[in-house]
Structures are given as C-alpha cells and as structure tokens.
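Taking it in order: structure first as structure tokens, then the write-up.
The values are calculated or read from the model by the stated rules, or taken from the named source; none is laboratory data. Note that the structure is predicted; figures quoted are calculated from it, not measured. Methodologically, a virtual Cβ is constructed for each residue, glycine included, from the backbone with ideal geometry; neighbour enumeration extends over all protein chains shown. Just the protein is used for accessible areas: all its heavy atoms, side chains included, with ligands, DNA and RNA removed. Shrake-Rupley method; radii C 1.70, N 1.55, O 1.52, S 1.80 Å.
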Amino acid sequence: MSAFVVLGAQWGDEGKGKMTDFLAEEANVVVRFQGGNNAGHTVEVGDKQYKLHLIPSGVLYEDKLNVIGNGVVLDPKAFFEEVGYLEDLGVKITPEKLIVSDRAQLIMPYHKLLDKLKEKARGKNDIGTTGKGIGPCYTDKAERSGIRVCDLMHKEVFKEKLQENIRLKNEIITKVYEEEPLNFDEIYNEYIAYGERLRPFVQDASVRVYDEIKNNSKVLFEGAQGMLLDIDYGTYPYVTSSNTIAGGASAGAGIGPTMITGAVGIAKAYTTRVGKGPFPTELEDATGEWIREKGKEFGVTTGRARRCGWLDLVILKTSARVSGLTSLVVTKIDTLAGLDKLKVCTGYKFEDKVIDYFPASLEDLAKCEPVYEEFDGWDDSVADARIYEELPENAKKYLKKIEEFTGVQIGIVSVGPRRDQTIVVHEI
Ligand code: GDP
Ligand code: IMO
Ligand code: MG
C-alpha cells in the first residue's frame with residue numbers, strides 16, 4: 001500500500017505542483033482533496049510551463065488517474081476553462097484520466113460575488129483572498145445549504161436548491177451590500193449546461209480511490225495552500241477555509257487515515273506569503289525585494305507580489321507536528337544563491353522565554369521576536385547539481401540544520417523549476 005500526502009509546509013507556493021508532478025512519475029493516481037481554484041500550481045517540463053488551479057498535477061502524464069475529491073470546492077466555469085487551457089497546450093483530458101467526486105461542493109456565482117463584497121466591507125481588515133468564492137462556498141457547505149456536484153446531475157433537485165439559495169443570497173446582496181440581485185434563469189441555464197458537460201467525469205471518487213489503493217496503485221494526495229493557511233492551524237483569520245494539513249486528505253478524499261502511508265512536506269528554502277496576515281521573518285527591505293525578483297515571487301492565481309522573508313524553522317517544526325511529516329522536500333535553494341549571509345529563524349522570543357511552536361493568538365504572535373542563526377551563502381553552481389554530493393558545502397550545512405531542527409529527513413532538494421532540476425537524497 002502506498003498513499004502519500006504532498007502538502008505545503010508554509011504559506012503556500014512552496015513548489016507543490018512541481019513536486020507532485022515529479023513524484024507522479026512513480027505514482028498511478030493524483031488526488032486533490034481540498035481548496036479550489038484559489039491554488040496555482042506550476043509545472044515545468046522541458047521548455048513548457050503549465051499553470052494548474054483545479055486539475056491535479058498528475059495530468060501531464062498520459063497514464064495517470066487524476067481525481068478531484070469531495071473536499072474540493074469546484075467552480076465548473078473555471079474547471080472547463082482549465083480543461084480548454086490544457087487541451088490548447090496539447091494535454092488531452094478524458095473521463096478515463098480525470099474524475100470528479102459527486103460529493104464536491106459547487107462554487108456558484110454568488111459565492112464569487114460575496115467573496116468580493118465581504119472583502120470590500122472588511123476595509124483595512126480584509127484578508128486578501130483570491131476572490132474565487134472559496135470562503136463563501138465552504139461557509140454554505142458547513143451551514144448545509146451548499147449545492148453539490150451530485151445535485152447538478154438531477155435537474156429538479158438543482159433547480160430547487162438554486163431557487164432557495166438565490167432567494168436568500170439576493171436578500172443579502174441587495175439589503176446588506178446594496179448591490180443588484182442575481183438572476184436565477186441565467187445561472188440555472190449556465191449551470192445546467194456545465195452539468196451535462198461534467199456528467200461523464202462524475203463518480204463516487206472515494207470508492208475509486210479506495211479500490212486503487214487496495215489494488216496496490218500508488219496514490220498521491222496533492223495539497224493546496226499550506227499549513228499556515230489551514231482553517232484550524234493557520235494564522236486565523238488570515239487563512240483559507242479548508243484543512244490544508246495532512247489530516248485533510250482523509251476527510252477530503254474519503255480515505256481512512258490508516259490507509260495513508262506518509263506525508264511529504266514541501267518547504268521553500270525561505271518563506272513567502274501572499275495576502276494579508278502576520279509574517280514574523282518578513283523582510284521589508286532590499287534583501288526581501290532581491291529574493292522576490294530572483295525567485296519570481298508573483299502569485300500564479302492573482303499575479304500579486306509575494307511577501308518574502310527568511311526561512312522560519314518554527315513554522316516547519318509546527319508543520320512536522322500537525323501533519324506528522326515523514327519526509328521534507330526543500331525547494332528553491334537556487335534562488336538564495338548569491339547571498340553572502342543568510343538567516344534562519346530557530347525560535348521566537350516571547351515574554352521571558354524562547355518558544356519553538358507557532359502561537360494561536362495573533363496578539364501573542366505580534367509580541368514574538370524571531371531568534372536568528374546566521375549561515376554563510378553559496379553560489380549559482382547550486383542550480384547545476386543533480387546529486388547531493390554536488391551541492392556546495394554551505395548549502396549542505398543549511399539543509400542539515402533544517403533536518404536537525406525539524407527531526408524530519410529531507411528526501412528531495414529542488415534546484416530549479418523544471419522536472420529534471422531535482423536531487424533525490426533519500427527515497428520517499
Ligand atoms: P505551488 O503553489 O506550491 O505549486 O507553487 P507555485 O507554482 O505557486 O510557486 C512555485 C514557483 O517556483 C513556480 O513558479 C515554480 O515553477 C517554481 N519552482 C519550484 N521549484 C523551484 C526551484 O527549486 N527553484 C526555482 N528557481 N523555482 C522553483
Ligand atoms: P497554492 O496551492 C498562496 C491565500 C490568499 C489569502 C488567503 C485566503 O498555490 O499554494 P482564499 O481565496 O483561499 O479565501 O484566500 O489564502 N491563498 C494562497 N496563498 N498559495 C495558495 O495556493 C493560496 N490559496 C489561497 O492569498 O491570503
Ligand atoms: Mg501556488
């Protein structure tokens with residue numbers, strides 16, 4: 001049995017897309033289990049670049065099964081746009097290759113509208129969401145008024161649920177936000193058409209993934225976002241609306257935790273975050289700007305500049321704990337090449353002690369002062385390394401520190417965006 005969760009150990013954009021694609025070579029099935037098209041996963045093969053949002057990163061292979069699990073919030077418009085984008089790039093998408101859970105929640109036009117209206121109403125306290133309707137869709141799921149993919153397969157059921165939702169959402173849109181109401185017929189007709197196109201892809205994905213694992217297929221669960229955007233363990237309320245930690249894979253794919261063999265945490269060699277919220281090791285100076293430019297740190301989904309800072313080992317240790325990481329992948333060490341000195345955060349000075357865990361309260365976090373250890377830098381030759389021994393000594397020291405502090409073995413080091421720019425240190 002082999003079923004590994006591949007997930008972000010920081011604030012997202014760690015290189016999950018690249019690493020899922022890399023690991024998928026040895027796998028049979030890739031499953032998305034949470035989030036939606038707020039994610040932006042980049043995969044580079046040769047000179048081709050693919051930007052994926054909703055479709056799992058195993059899709060570039062002809063022979064892998066890709067699954068959109070029940071925990072995902074699915075915007076059918078975005079889904080078919082992505083299918084079209086991939087087909088234009090020569091990637092064939094068929095129901096043999098891609099399946100969608102009948103239990104996935106649908107992102108509706110009012111979710112996208114309410115996401116934007118709510119952000120605007122928050123004013124300076126906005127979260128900086130991607131505006132894709134993620135939060136409002138998960139809100140309806142928890143509140144039990146959501147519309148699922150299986151509902152769209154039954155016109156009458158869909159009609160009734162949509163009528164009720166439009167009625168209530170229009171009350172909010174017109175009375176709370178003083179905006180124009182949405183039109184039932186337009187949305188109904190648009191979604192019924194999506195439903196017909198979606199039908200061949202729809203299955204009970206939990207049954208399928210279970211059977212695959214039982215039949216000795218190798219399964220990867222591809223996380224979106226990262227540990228600190230988790231609804232429970234992230235920097236609440238500056239988080240996304242799903243469980244991004246490894247435990248989310250079980251609920252979001254309908255697979256018992258006892259069937260999951262390991263969790264691979266993807267960590268960037270430094271730290272980035274898009275959107276608002278605390279960031280203890282943020283560099284709001286020339287070094288931060290230098291990392292942003294060199295690392296091309298601009299969001300795949302929204303194009304926003306990512307905030308950059310030093311590597312924070314408190315975050316990685318917390319990730320190791322809450323996701324039970326069995327292995328780490330460190331990406332983008334090539335980006336740091338050229339810096340004379342590097343800093344790594346090994347604790348937070350909080351009141352009169354030094355802590356090595358991430359506090360719950362943002363007020364406490366604001367009082368935390370990072371404690372740094374300094375490291376000597378390395379040069380650009382790092383990008384040419386293909387085996388661990390070829391890495392510069394100083395880069396090895398940096399990696400050793402990550403392993404020692406987190407207690408998790410580094411399985412892979414990534415030295416560039418392409419599939420082949422990858423060093424396997426230990427079998428995952
Ligand atoms: P994801 O959301 O975790 O899949 O990550 P993104 O795709 O949003 O952002 C990661 C970016 O870094 C993408 O542009 C990748 O192509 C790129 N990338 C991934 N690994 C490496 C690496 O080791 N070195 C460099 N220079 N770029 C990388
Ligand atoms: P991948 O999978 C980085 C951030 C947003 C915002 C917060 C809430 O590419 O790593 P949402 O639209 O989810 O309600 O926004 O979460 N966010 C991400 N940041 N990478 C992502 O995905 C993200 N998905 C959401 O910027 O701060
Ligand atoms: Mg991303």
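Descriptive notes on the structure:
- Within the stretch 334-350, residues that are farther than 14 Å from THR281 by Cβ reach partners that are hydroxyl-bearing (Ser, Thr, Tyr) and open to solvent by 10 Å² or more (accessible area, probe 1.4 Å) with beta carbons closer than 8 Å, at six or more positions or on different chains, in the pairs ALA337/SER381; LEU339/THR287.
- Residue count, the stretch 67-103 (criterion: in contact (Cβ under 8 Å) with a residue 60 or more places away in the chain and not hydroxyl-bearing (Ser, Thr, Tyr)): 18
- Count - residues of the stretch 211-238 that are within 15 Å of ligand 2 (Cβ to nearest atom) and buried (at least 24 other Cβ atoms within 10 Å of the Cβ): 11
- In the stretch 292-321, residue nearest to ligand 2 (Cβ to nearest atom) [restricted to those that are aliphatic (A, V, I, L, M) and crowded, with 21+ Cβ neighbours inside 10 Å]: ILE315
- Strands (runs of 3 or more DSSP E) wholly inside the stretch 1-63 containing at least 3 residues that are assigned by TED's automatic domain parsing to the domain that holds ALA251 and near ligand 1 (Cβ under 10 Å from one of its atoms): 2-8, 41-45, 48-52
Results for (1) more than 19 Å from the chain's Cα centre (by Cα); (2) of a type outside the set (Gly, Ala, Ser); (3) buried (at least 24 other Cβ atoms within 10 Å of the Cβ), shown as yes or no for each residue.
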position: GLY8; (1), (2), (3): no, no, yes
position: LYS18; (1), (2), (3): no, yes, yes
position: GLY40; (1), (2), (3): no, no, no
position: GLY84; (1), (2), (3): yes, no, no
position: GLY90; (1), (2), (3): yes, no, no
position: GLU96; (1), (2), (3): yes, yes, no
position: ILE99; (1), (2), (3): yes, yes, no
position: ARG103; (1), (2), (3): yes, yes, no
position: PRO109; (1), (2), (3): yes, yes, no
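- Residue among LYS141, LYS159, LYS155 that is open to solvent by 20 Å² or more (accessible area, probe 1.4 Å) and touching a strand residue (DSSP E or B) at 6+ places or on another chain (Cβ under 9 Å): LYS141
- When restricted to residues that are away from ligand 3 (no atom under 16 Å from the Cβ), open to solvent by less than 10 Å² (accessible area, probe 1.4 Å) and in contact with a strand residue (DSSP E or B) (Cβ under 9 Å, 6 or more places away or on another chain), the stretch 328-352 contains 9.
- Of all residues making up the stretch 146-177, the number that are in contact with a helix residue (DSSP H, G or I) (Cβ under 6 Å, 6 or more places away or on another chain), under 26 Å from ARG103 (Cβ atoms) and not in a helix (DSSP H, G or I): 2
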